[in-house]
1. Out of P94, P49, which single residue is surrounded by 13 or more Cβ atoms within 10 Å (Cβ to Cβ), under 15 Å from the mean Cα position of the chain (by Cα) and at pLDDT below 85?
2. Pick out the one residue from E192, E144 that is over 17 Å from the mean Cα position of the chain (by Cα) and in the same structural domain as S275 (by TED's automatic domain parsing).
3. Looking at segment 254-292, which of its residues are among the hydroxyl-bearing types (S, T, Y) and within 30 Å of T232 (Cβ to Cβ)?
4. Which condition number in (1) modelled with pLDDT of 90 or more; (2) outside the structural domain of I125 (by TED's automatic domain parsing) is the one that S284 fails?
5. Looking at (1) of a type in the set (F, W, Y); (2) modelled with pLDDT of 95 or more; (3) in contact with an Asp or Glu (Cβ under 9 Å, 6 or more places away or on another chain); (4) outside the structural domain of N92 (by TED's automatic domain parsing), can you tell me which one W270 breaks?
6. Return the residue satisfying two criteria in turn: it lies in segment 8-23 and is farther than 15 Å from R41 by Cβ and in a loop (DSSP other than H, G, I, E, B), and of such residues it is modelled with the lowest pLDDT.
7. Could you count how many residues in segment 267-280 are outside any strand (DSSP E or B) and among the aliphatic types (A, V, I, L, M)?
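The values are calculated or read from the model by the stated rules, or taken from the named source; none is laboratory data. Computed from a prediction, not measured in an experiment: that's the story for all the values here. Positions of Cβ are generated from backbone atoms using ideal geometry, with glycine treated the same way; all protein chains shown enter the neighbour counts.
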Amino acid sequence: MCAIALQGSIHGAARALNSKQSAVSRSLRLLEERVGIQLFRRTSSGTTPTPVGEAFLRQAEALLHDTNTLYEYTRRCAFGESVIVSIGIQSNIPPGRVSDFIEPYRILHPGISFIYRDASHRDVISALFDGIVDLVIITLPLNEPGAATLPLWSDRIVAVTPTHHPLASSVTTCWSDLQEATFVFGNDDTGEDMHTLLKRKASIAGFLPTVRREEIRSLRTIALVINGHGITLMPTGWLAFFPDTILEQVTVLEVRDGDGFSHLDYGIGWRDRNSSTVVHKILSFLRKKNIE
C-alpha cells in the first residue's frame with residue numbers, strides 16, 4: 001500500500017514492485033474489504049489515499065520500520081554484533097584493570113553494551129550460575145564444576161611493614177623472616193586470599209603465623225600497620241591508590257621463596273555451556289590480547 005501512495009497509481013506500484021497490476025489491485029481490494037473502509041480513491045488521473053487511508057499508511061509505515069528494526073536487531077544479536085553483556089566484578093578487583101581489557105573490545109564493536117555488577121567473590125559466582133551475569137572478573141582459581149576461566153593478569157604480593165620494623169631496611173625478604181610478625185588482614189575477599197596464601201607459605205617455611213582478622217576492608221589495614229598493630233600482605237596493584245603521605249609511613253617488601261615471588265592471579269570466568277555468540281567473541285578477543 002505504501003508503494004501505491006508513493007507511486008500515485010496501481011500501475012506505478014506494480015512496476016516498482018516488479019509485480020502484476022492485477023495482483024496489486026487485488027491486494028488493495030482485499031485489504032479494504034477486510035478493514036471495511038475505502039483507503040484509496042481511484043480516478044482516471046491516479047490512485048490517492050483517502051484521509052483515513054493516510055492515517056492507515058502512517059501507522060503501516062511505523063510498523064514496517066519497527067519490523068525492519070527488530071529484524072536487524074535480531075540478526076545482529078545472532079552474529080554477536082549488538083547485545084548487552086552483563087559482567088560481575090569481584091569487589092576487590094583494582095579499579096581500571098577491567099577497562100584495560102573490556103574497553104578495547106567495546107571500541108571495536110560499538111553495538112555491544114556492557115553493564116557491571118560489583119559484589120563479593122561468592123555473590124558474583126552465584127550470579128554467574130543463576131544467569132544474572134554473563135561473565136565474571138575474579139581472583140583465580142575458580143574451582144567450580146561447570147565453570148571455565150581465562151587468566152588475564154597477575155599482581156605480585158608484597159609485605160607492608162611500619163618504617164620502624166626490623167625488616168624495614170631491607171628491600172626483599174623471605175617468608176621465614178616473617179615468622180615473628182603479627183599479620184593483620186581485612187574481613188573481605190582479599191583478606192581471605194592473603195590469609196590462604198600466608199598459611200600455605202608459612203607451612204612450607206615451617207612456622208604457624210599469628211593472624212588478626214579485622215572487620216574492615218583490606219585497604220584499611222595499612223592504617224593498622226602505620227599504628228604498629230602488625231604487618232599486612234597486599235597486591236602491588238593496590239599501592240597506587242594510596243597517597244604519598246601514607247606510603248611515606250610504611251615500607252614495602254618483596255617476599256620470595258624457592259618459587260620466586262608470590263602472585264595473586266586474576267581472570268575472567270564463564271559457564272562452560274554458555275552458547276552466547278558475543279560472549280565467545282569477547283573471550284576469543286581476550287585470548288588474542290593475552291598472546292600479544
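1. After ruling out the rest, the residue left standing is P94.
2. E144
3. Scanning segment 254-292 gives S262, Y266.
4. (2)
5. In the conditions (1) of a type in the set (F, W, Y); (2) modelled with pLDDT of 95 or more; (3) in contact with an Asp or Glu (Cβ under 9 Å, 6 or more places away or on another chain); (4) outside the structural domain of N92 (by TED's automatic domain parsing), W270 misses (4) alone.
6. L17
7. 2
Quick grid of which residues meet (1) touching a residue at least 60 places away in the same chain (Cβ under 8 Å); (2) closer than 22 Å to V211 by Cα; (3) surrounded by fewer than 19 Cβ atoms within 10 Å (Cβ to Cβ):
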residue	(1), (2), (3)
N143	no, no, yes
T161	yes, yes, no
H165	yes, yes, no
A168	yes, yes, yes
T173	yes, yes, yes
D177	no, yes, yes
T182	no, yes, yes
